[in-house]
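Below is one structure, written out as structure tokens, with a few remarks after it.
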Amino acid sequence: MNTISVDSITKKFGEIHAVDKVSFEVSPGEIFGLLGPNGAGKTTSIRIILDIFKPDSGTVSVLGGPMTEEKKNKIGYLPEERGLYQEIPLERCLVYLATLKGLEETDARQRVGEYLERFELDQWRKKKVKELSKGMQQKAQLITTLVHRPEIVIIDEPFSALDPVNTQMVKDLLCEERDRGTTIIMCTHQMHQVEELADRIALINKGQTVLYGSLDEIRRRYVADAVIVRALQDLPASLPGVREIIKQNNHAMLKFEPGKTAQDVLQMLVQKNISIEQFEIALPTLDEIFIQVVQGKGDGR
């Protein structure tokens, strides 16, 4: 059974179609990337899932049915805007927010303490939240999202203001949650993070779902007629069946002529006694696909 099922939801604000028949499903134990440019309808879709907004049409199922107050305690939500109480000490703030999610204060203090140590915030526990850096506040918000061990985690720009070390720490934590069976929806503009973490994605543009599926499936839909080659010697300036050779650091992209295949190019290289260390289909990055689809150059197959 899917943890979340979104079926053709629509939401208008005046004459603006914020969401127009958006559909997707999220399974237990997966990281799902919900992507799109600014104003695409991602946040509206999330707020409909969380029952903050009611859809004009369409349905949402969470944990097997409509949203309830009990189910809300099984969800951890990290909005892009920070929502911590600025004028109170960090530990007190986190413990209080954990109790709002149903934890007893003793359990809340223990779990908050464990997270503070893991996120290297232990020495800041008595400092007011407003005294923390943006990166520290981001880690604190992640603690409030995860401390009650939710079944569903929805995170909007989880890596905002984090340095590479803390970014990796958050990645490891999200992977642990996924392996524990947690359902994770991740909204971010950092496509390389999505490529590294997400099992499947939905790309929303102008309120509509324009891409949906596994990353591998989507990348193969947009594959170019090209291969990546790393050879032990310099490649010739021209090769039979290859219309363009683009050198990229220690490898080259070979774009082949219409009617030719990757197998044809490989066979030609072998016949020319070119020693190959690497040979692979040139799959587009998610950044490239995102730009292609959003700019209207892809068909969103």
> Which is farthest toward the positive dipole end of the range 227-301 among Val265, Ile291, Gln248, measuring Cα position about the Cα centre, with Cβ charges +1 (Lys, Arg) and -1 (Asp, Glu)?
Replying inline: Val265
> So which residue, out of Phe13, Phe119, Phe159, gets the largest mean-square fluctuation from a GNM of the chain using Cα contacts under 10 Å as springs?
Replying inline: Phe13
>> With bins 5 Å wide starting at 0, give me the P(r) of the range 224-282 over every alpha carbon pair, in whole percents.
In response: 4, 21, 37, 29, 8, 1
>> Let me check I have the definition right: for the range 71-212, take the eigenvalues of the Cα gyration tensor, multiply each by 5, take square roots. What are those semi-axes in whole Å, largest first?
In response: 26, 17, 14
> So which of Lys126/Lys171; Lys11/Lys171; Lys71/Lys126 end up more than 30 Å apart by C-alpha?
Replying inline: Lys11/Lys171; Lys71/Lys126
>> Taking the number of other C-beta atoms within 10 Å as the exposure measure, put Ile204, Ile246 in order starting with the fewest.
In response: Ile246, Ile204
>> Looking at the chain as a GNM with Cα springs under 10 Å, which of Leu103, Leu142, Leu232 has the largest mean-square fluctuation?
In response: Leu232
>> For the chain, take the longest principal axis of its alpha carbons; what is the angle in degrees between that and the long axis of helix 164-179, to the nearest 10 within 0 to 90?
In response: 80
> Rule-of-thumb check for the range 189-301: C-alpha Rg over 2.2 N^0.38 Å?
Replying inline: 1.24
> Over the Cα atoms of the chain, Rg to Rh with Kirkwood Rh, two decimal places?
Replying inline: 1.07
> What is the order of Cys187, Cys175, fewest Cβ neighbours within 10 Å to most?
Replying inline: Cys175, Cys187
> If you place +1 on the Cβ of every Lys and Arg and -1 on the Cβ of every Asp and Glu, how big does the dipole about the Cα centre of the chain come out, in debye to the nearest 20?
Replying inline: 460
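Can you sort Leu121, Leu84, Leu90 from fewest to most other Cβ atoms within 10 Å of each residue's own Cβ?
Numbers: Leu121 21, Leu84 17, Leu90 26.
Sorted ascending by nearby Cβ count, the order is Leu84, Leu121, Leu90.
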> Got a sec? Charge dipole of the range 81-199, +1 on Cβ for Lys and Arg, -1 for Asp and Glu; which of Val153, His192, Leu116 is way out at the positive end?
Replying inline: Leu116
> Tell me, which longest segment in the chain has none of the GluC sites (Glu not before Pro) that fall in DSSP loops with at most 11 further Cβ atoms within 10 Å?
Replying inline: 105-301
>> Running a GNM on the chain with Cα contacts under 10 Å, which residue among Val227, Val95, Val60 ends up with the highest mean-square fluctuation?
In response: Val227
> Of Lys54/Lys101; Lys139/Lys247; Lys130/Lys206; Lys42/Lys130; Lys21/Lys255; Lys74/Lys134, which pairs sit farther than 32 Å apart, going by alpha carbon to alpha carbon?
Replying inline: Lys139/Lys247; Lys130/Lys206; Lys21/Lys255
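Quick note: the coordinates plus some simple rules give every number you see, no bench work behind them. Fair warning: this is a prediction, and the values are worked out from it, not measured in the lab. FYI the Cβ positions are ideal-geometry reconstructions off the backbone, even for glycines, and counts take in every protein chain you see.
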